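Remarks on the structure that follows.
The values are calculated or read from the model by the stated rules, or taken from the named source; none is laboratory data. Bear in mind that the values here come from a model prediction, so they are computed numbers and not experimental data. In this analysis, Cβ positions are derived from the backbone assuming ideal geometry, glycine residues included, and neighbour counts consider all displayed protein chains. Accessible surface areas use protein heavy atoms only, side chains included; no ligands, DNA or RNA. Shrake-Rupley method; radii C 1.70, N 1.55, O 1.52, S 1.80 Å.
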Amino acid sequence: MTVPIIASFLSTYPDVHITMLSTPKLKPLFPTTENFTFIPVDTKKEYAGNLGMYKLFKHLQKSYHFDAMLDLHDVLRSKMLRTLYKLKGTPVYVIEKGRKEKKQLTNEKNKQLKPLKSSIQRYADVFEKAGYPITIDTSIVPYQATTTQCTDELIQLLPSSAKHIIGIAPFAQHKGKIYPTEKTEKIIAHFAQQQGIQILLFGGGEIEKAQLEKWASTYPNTQSVAGKFSLSEELILLQHCHVVLSMDSSNMHLASLVHTPVVSIWGATHPYAGFYGYGQKEENAVQIDLPCRPCSIYGNKPCSKGDYPCLNKIEEEAVIRKIEAVLLTSHTN
């Protein structure tokens, strides 16, 4: 979710250079312009723990000069790094994550159900504190997939005979964000039987891959792309989709970066927490109102009811209608 802000900043302030520290696998998401440098930081190996952060600081001190440090994460690792920079006299600006507000949003009692500031706006606020105000323009596509690099394998997944390409990303990191697989299968079955529809299944872990492959072998016009392509290639596929069905997960955000409409399913979490997809329409969020929702910001808490009614009570027909509405709009346009 930092990508739109970084893209807007580099466009607004072309004479200012950004050095971005982030997870190595996310490098393809960021630009390759002269005023941007990406430094991959592996916090599980080379830069693990407090000693790893100190090692990183010494490396940065030796190789780079920064006029300011912006902490967009505000976790233990970034706190240590920014403290070291403060001691050296470097101005530091930190994100306000709204932890108190988010706690009130997820409280079991005295819940304050109201929309909070988006994470993207919170990132922009940090830049403004540093003296660089940014206007968030959701009409700008923050990531441009390079379709000229399409391989034959990718082209086969994007047949010209397909009237509509539907991406489906049915999994998430935590159980509280995953729509029941039997309901997802009914949605796949519904669209797979229709002429002119191509379905691409996105996912990650080994168990997920096995499930996606099973669906791909069961239903016509359905292909699993899980684990078969690089992040850049997956973004090309997402860009060619007319709609993506996703949980509150990374695929919602990846599709948002290439301006693909997303029908998102929300269970234990809620768009009000500020993690909705960049530029996505509010009406494309599928959810039901329950007194206990949201119970978690990240969907990692056990269900107090025991059976996740926030997900199980969402009828697959409601999801199908929402997808069809988006496809109708894309066909009209």
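If you place +1 on the Cβ of every Lys and Arg, -1 on the Cβ of every Asp and Glu, and leave all else neutral, what size is the dipole of segment 150-301 about its Cα centre, to the nearest 20 Debye?
The dipole of segment 150-301 has a size of about 320 debye.
Radius of gyration and Dmax for segment 83-231's Cα atoms, expressed in Å?
For segment 83-231, the Cα-based Rg and Dmax read 21.8, 64 Å.
Based on alpha-carbon centroids, what's the gap between segment 27-56 and segment 173-230 in Å, whole number please?
Rounded to whole Å, the Cα centres lie 33 Å apart.
Cα gyration tensor of segment 110-168, axes a ≥ b ≥ c as square roots of the eigenvalues: rounded (a/c below 1.5), prolate (a/b > b/c) or oblate? Walk me through the numbers before you get to the answer.
Values: a/c = 4.06, a/b = 1.88, b/c = 2.16.
Judged from the Cα gyration tensor, segment 110-168 comes out oblate (a/c at least 1.5, b/c at or above a/b).
Restricting things to Cα coordinates, could you compute the convex hull volume per residue of segment 226-333 in Å³? If you can, show how the numbers build up before the last one.
Working: hull volume 12.6 nm³, N = 108.
Value for segment 226-333: 116 Å³ per residue.
Filter the GluC sites (Glu not before Pro) in segment 266-333 to those in DSSP coil with at most 13 other Cβ atoms within 10 Å of their Cβ, and list the result.
Counting only loop positions with at most 13 other Cβ atoms within 10 Å, the GluC sites (Glu not before Pro) in segment 266-333 are Glu315.
Per residue of the chain, what 222 nm ellipticity follows from adding -39500 (n - 2.57) for every DSSP H run with n ≥ 4, rounded to the nearest 500?
Details: 12 runs with 126 residues, N = 333.
Helices in the chain give a 222 nm mean residue ellipticity of -11500 deg cm²/dmol.
Assuming a viscosity of 0.692 mPa s and a temperature of 37 °C, what translational diffusion coefficient in µm² per second does Stokes-Einstein assign to segment 1-77, Rh being the Kirkwood radius over Cα pairs?
Reported coefficient: 242 µm²/s.
Relative to the compact globular guide of 2.2 N^0.38 Å, what is the alpha carbon radius of gyration of the chain, as a ratio?
Here the answer is 1.05, to two decimals.
Determine which aspartates and glutamates satisfy two conditions relative to Lys111: a Cα distance under 12 Å, and not lying fewer than 8 residues away in the same chain.
The qualifying aspartates and glutamates are Glu101.
Ranked from the most accessible area to the least, with a 1.4 Å probe and all protein chains present, what is the order of Arg82, Arg77, Arg122?
Arg77, Arg82, Arg122
For the chain, give the percent of accessible area contributed by carbon and sulfur heavy atoms, probe 1.4 Å, rounded to a whole number.
50 percent
Nearest 10 degrees, 0 to 90: what angle lies between the long axis of helix 76-87 and the longest principal axis of the chain (Cα atoms)?
20 degrees
What's the lysine pair count for segment 5-56 at a Cα cut-off below 16 Å, pairs eight or more apart or interchain?
On the way: Lys25/Lys44; Lys25/Lys45; Lys44/Lys55; Lys45/Lys55.
Pairs that pass both the separation and distance tests number 4.
Run through segment 9-62 and list the trypsin sites (Lys or Arg not before Pro) located in a DSSP loop whose Cβ has at most 10 other Cβ atoms within 10 Å.
The qualifying sites are Lys44, Lys45.
Which whole-number value in Å² is the accessible area per residue of segment 1-61, probe 1.4 Å?
On a per-residue basis, 56 Å².
Helix 316-332 versus the longest principal axis of the chain: what angle, 0 to 90°, nearest 10, using Cα atoms?
Helix 316-332 sits at roughly 80 degrees to that axis.
When a/c reaches 1.5 or more, the comparison of a/b and b/c decides; with that in mind, is segment 172-228 rounded, prolate or oblate per its Cα gyration tensor?
oblate
What's the magnitude of the charge dipole for the chain around its Cα centre, counting Lys and Arg as +1 and Asp and Glu as -1 at the beta-carbon? Answer in Debye, nearest 20.
So the magnitude is around 1460 debye.
Suppose all protein chains stay in the model; what accessible area per residue would a 1.4 Å probe give for segment 141-273, in Å²? Show your work: numbers first, answer last.
Details: 5340 Å² over 133 residues.
Dividing the accessible area of segment 141-273 by its residue count gives 40 Å².
Using the Cα centre of the chain as origin and beta-carbon charges of +1 (Lys, Arg) and -1 (Asp, Glu), tell me which of Leu84, Pro302, Asn35 is placed farthest towards the positive end of the dipole.
Leu84
Number of Lys pairs in segment 164-303 with C-alpha atoms less than 20 angstrom apart, excluding same-chain neighbours closer than eight positions?
Lysine pairs, 8 or more places apart or on different chains, close enough: 14.
What percent of all Cα-Cα pairs in segment 1-132 falls into each 5 Å bin, going from 0 up to the bin containing the maximum distance?
Values per bin, smallest distances first: 2, 9, 17, 20, 20, 15, 8, 5, 3, 1, 0.
Determine how large the accessible area of Tyr219 is when every protein chain is in place; take a 1.4 Å probe and give Å² rounded to the nearest 10.
Rounded to the nearest 10, that gives 40 Å².
Restricting to DSSP loop positions (anything but H, G, I, E, B) with no more than 15 other Cβ atoms inside 10 Å of their own Cβ, which trypsin sites (Lys or Arg not before Pro) remain in segment 227-323?
Counting only loop positions with at most 15 other Cβ atoms within 10 Å, the trypsin sites (Lys or Arg not before Pro) in segment 227-323 are Lys228, Lys281, Lys305, Lys313.
Can you list residues from other chains, or at least 5 along the same chain, whose modelled amide H is less than 5 Å from the amide H of Asp71?
Tyr93, Val94, Ile95
Assuming a ≥ b ≥ c are the square roots of the Cα gyration tensor eigenvalues, decide whether segment 87-133 counts as rounded (a/c under 1.5), prolate (otherwise, with a/b larger than b/c) or oblate. Present the calculation step by step, with values, prior to reporting the outcome.
Numbers: a/c = 5.68, a/b = 2.20, b/c = 2.58.
It is oblate, given that a/c is not under 1.5 and a/b is not larger than b/c.
If the cut-off is 14 Å between C-alpha atoms, which aspartates and glutamates fall inside it for Lys86, apart from same-chain ones fewer than 8 positions away?
Straight-distance partners of Lys86: Asp67, Asp71.
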